[in-house]
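Trainee: Below you'll find the structure I mean.
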Amino acid sequence: MVLEGLGWRLTRVWSVSWWFDKEGAQRRLLDEVNAAVEGLPPPTGPSRQLPEYSSASMQDFAPSFAAEIPDEHEKVYIPSEFVGDYAKSQSNFNLDFGPQIISEQMRRIINSEGPIVESLLFKRVIKEWGFSRIGSAMAVVLDRSVPLSRALTKQFGERVYWPEGVDYRSYRDFRTPGNTDDARRSVKELPLEEIANAMKSLQERFRALPDETLLAESAKIFGFGRLTATVREHLEQALKKAKSRA
């Protein structure tokens with residue numbers, strides 16, 4: 001109001017319009033500037049109204065913000081190198097011999113692939129032993145084999161294991177899906193810290209994103225095209241973590 005009283009001519013660009021209709025917002029801005037330069041009155045009409053967007057349109061919006069600007073903390077997820085020698089001695093997968101052997105196996109996988117959720121760690125372990133599923137007896141062996149000195153966090157009742165020398169409190173990386181099946185994690189296999197880091201990256205690059213947009217764009221980073229109930233549940237928990245950090 002003060003600037004307008006001094007003869008300034010102000011033009012407002014709505015952030016939502018810019019995010020969801022960038023070309024239209026640019027066109028309207030140029031119309032305003034050209035009118036001001038030529039001494040004409042401001043353009044009028046519906047083009048100056050703030051458009052409304054449903055949550056569905058936010059979820060389906062493309063192209064993704066995430067693909068526009070690289071981030072030094074964005075990595076490609078690389079599974080640990082597969083070692084198949086364990087399958088030659090499956091009889092050792094028991095409480096007598098297993099814990100010592102499997103504990104070292106877990107350390108190798110965690111240091112290579114961590115942070116890693118427990119269910120994915122166990123999946124990697126039994127695959128190298130040549131097993132396809134975890135029975136109740138195998139679950140006991142796996143639980144007894146977990147390295148005791150390993151740093152861990154918890155999410156949704158599941159443990160997340162961290163590599164040696166990595167502090168989860170200062171961890172800022174996030175890893176996007178690779179080209180193989182093993183390099184594509186389900187949302188339940190994503191450490192919440194990674195999702196929160198991706199959200200932080202988006203906020204730093206695009207400023208003041210609405211929560212719904214932030215959830216949708218974060219889902220795209222990790223290869224999820226839509227916000228299903230499970231995806232939303234995990235991303236909303238990560239968003240709480242990201243906000244608590246801020």
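Trainee: Report the local net charge at residue 97: Lys and Arg +1, Asp and Glu -1, summed over other residues whose C-beta lies under 14 Å from its C-beta.
Mentor: In short, 0.
Trainee: Counting only C-alpha contacts under 8 Å and six or more residues apart, can you give the relative contact order of segment 80-148 as a whole percent?
Mentor: The value is 52 percent.
Trainee: Amide H neighbours of residue 175 under 5 Å, at least 5 residues apart or on other chains, H built in the peptide plane: list them.
Mentor: Under 5 Å from the amide H of residue 175: 75.
Trainee: Another one. Please find the FRET efficiency linking residue 35 to residue 172, where r is the Cβ-Cβ separation and R0 is fixed at 51 Å, and quote it to the nearest 0.05.
Mentor: Working from the Cβ atoms, E equals 0.65.
Trainee: Which value in nm describes the separation of the simple spin-label points at residue 140 and residue 240, placed 7 Å from the Cα toward the beta carbon?
Mentor: Result: 3.5 nm between the two label points.
Bear in mind that the values in this text are calculations on the coordinates, not laboratory data. Computed from a predicted model, the values in this text were never measured in an experiment. With ideal geometry, Cβ positions are generated from the backbone for all residues, glycine too; neighbour counts draw on all protein chains shown.
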